[in-house]
Amino acid sequence: QVQLVESGGGLVQVGGSLRLSCAASRIIFSIATMAWYRQAPGKQREQVASITGGGRLNYAGSVKGRFTISRDNAKNTVYLQMNALKPEDTAVYYCAATILPTTYWGQGTQVTVSS
């Protein structure tokens with residue numbers, strides 16, 4: 001079955017940076033739309049950024065200009081570079097891979113931004 005394994009979360013101060021990674025296996029990675037979502041306590045899960053197999057990018061307005069999503073098809077890995085982090089970025093971040101009609105999810109990694 002498809003596996004998505006996130007890494008790179010942790011505790012960082014306001015204004016700091018983190019890079020999340022998501023390694024995928026048992027999936028035709030190059031054609032999957034990869035995305036990062038996040039869920040803060042008491043809030044709904046929201047999409048942060050996505051990148052299609054063709055490289056089309058999409059960002060939530062709240063992270064545009066601060067976060068960058070990228071992918072390395074040779075490594076079956078998608079990244080989320082997060083800069084200028086804010087306390088409101090604190091959440092569990094999930095990696096998702098979509099090959100229609102199915103979306104697969106990782107287990108999540110905690111990002112905590114302290115002020």
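The values are calculated or read from the model by the stated rules, or taken from the named source; none is laboratory data. Just so it is clear, the model here is predicted, and its values are computed rather than measured. Positions of Cβ are backbone-derived with ideal geometry, glycine not excepted, and every protein chain shown enters the neighbour counts. Calculation scope for accessible area: heavy atoms of the full protein, side chains included, ligands and nucleic acids excluded. Shrake-Rupley method; radii C 1.70, N 1.55, O 1.52, S 1.80 Å.
State yes or no: is residue 30 within 19 Å of residue 7 (Cα to Cα), of a type in the set (Gly, Ala, Ser), open to solvent by 30 Å² or more (accessible area, probe 1.4 Å) and over 12 Å from the mean Cα position of the chain (by Cα)? No: the conditions fail for residue 30. The number of residues in the range 100-115 being on the phi < 0 side of the Ramachandran plot, of a type outside the set (Phe, Trp, Tyr), in contact (Cβ under 8 Å) with a residue 24 or more places away in the chain and out of contact with any helix residue (DSSP H, G or I) (no Cβ under 6 Å at 6 or more places or on another chain) comes to 7. Exactly one residue out of 23, 49 is surrounded by fewer than 18 Cβ atoms within 10 Å (Cβ to Cβ), of a type in the set (A, V, I, L, M) and under 14 Å from the mean Cα position of the chain (by Cα): that is 23.
Among the residues of the range 74-89, some residue qualifies, meaning at least one is among the acidic types (Asp, Glu) and open to solvent by less than 10 Å² (accessible area, probe 1.4 Å).
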